[in-house]
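Since the structure comes first, as structure tokens, the remarks are kept for the end.
The values are calculated or read from the model by the stated rules, or taken from the named source; none is laboratory data. Everything quoted here is computed from the prediction, not taken from an experiment. Here the Cβ positions follow ideal geometry from the backbone for every residue, glycine too, while neighbour counts run over all protein chains shown.
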Amino acid sequence: MATDVARASPLKNSILLDSLQLVEPAETHPPVPNHLLDTKIYRNLGQSKVVAVTPEDVHFAGFQVGKKSVADFCITNVCKDVISINILPPQSKYFKLHYKKPGLMIPGIKLNCQVEFLPVEWRYYYDCVRINCPGEENVVVPIHAYPVMNTDGFPQFYLFPPVPVGERLVGFSYIYHSDSIM
């Protein structure tokens with residue numbers, strides 16, 4: 001039988017090798033369930049009886065595709081007890097959360113968090129950071145990223161001088177945008 005395989009044509013050998021599985025096929029595992037996401041309700045926006053978040057939501061306005069943007073927010077313990085919180089980061093691949101969590105949060109302590117955003121296309125992005133607190137005082141911090149043109153160079157107002165009836169006055173205002181839109 002070994003001589004039959006040796007005498008077979010190269011085409012038959014490749015078919016034979018293709019039909020053999022040299023490694024075990026990869027199994028597709030379902031995602032690992034997150035108990036805090038599945039069982040807790042996050043309904044408080046920005047503040048609860050336990051923690052307060054400033055600002056209450058994070059906005060990335062006027063981003064550039066492929067360029068990293070960073071925004072900060074702060075979590076403060078506003079209750080009179082020492083607490084321990086769990087922070088669930090954003091679920092999408094476009095947002096990343098960075099922070100150094102203390103073991104316990106004493107009353108009045110602030111935890112600085114940084115959200116990193118890396119867009120891949122010109123569209124609206126949304127996600128949120130969930131803060132699991134003692135009891136049912138869970139907090140959600142929405143994250144929004146949307147493409148808008150930077151309006152810093154726009155004038156605040158235009159002055160139109162009085163013009164007699166029947167005459168006209170022509171003026172020009174040039175608006176430039178340095179970023180590519182697409």
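Of note:
- Candidates are the residues of region 146-158 that are modelled with pLDDT of 70 or more and not hydroxyl-bearing (Ser, Thr, Tyr); the one that is nearest to residue 65 (Cα to Cα) is 147.
- Any hit, region 94-105, residues being surrounded by 14 or more Cβ atoms within 10 Å (Cβ to Cβ), within 29 Å of residue 134 (Cα to Cα), over 22 Å from the mean Cα position of the chain (by Cα) and at pLDDT 70 or above: yes
- Test: residue in region 160-168 that is modelled with pLDDT of 90 or more and small (Gly, Ala, Ser): yes
- Test for residue 110: is it farther than 29 Å from residue 66 by Cα, exposed (fewer than 15 other Cβ atoms within 10 Å of the Cβ) and under 23 Å from the mean Cα position of the chain (by Cα): yes
- All positions within region 115-148 that are farther than 20 Å from residue 74 by Cβ and touching a residue at least 24 places away in the same chain (Cβ under 8 Å): 118, 119, 120, 121, 122, 123, 125, 135, 136, 146, 147, 148
- When region 131-145 is filtered for residues that are modelled with pLDDT of 90 or more and either under 13 Å from the mean Cα position of the chain (by Cα) or polar (S, T, N, Q) (or both), the ones remaining, listed by number, are 141, 142, 143, 144, 145.
- If you filter region 62-93 down to residues that are among the basic types (Lys, Arg) and within 12 Å of the chain's Cα centre (by Cα), you find that the one that is surrounded by the fewest Cβ atoms within 10 Å (Cβ to Cβ) is 93.
- Pairing each residue of region 159-181 that is closer than 30 Å to residue 66 by Cβ with any residue that is surrounded by 10 or more Cβ atoms within 10 Å (Cβ to Cβ) and at pLDDT 75 or above, provided the two are 6+ apart or on different chains, yields C-beta distances under 7 Å for 179/64; 181/122.
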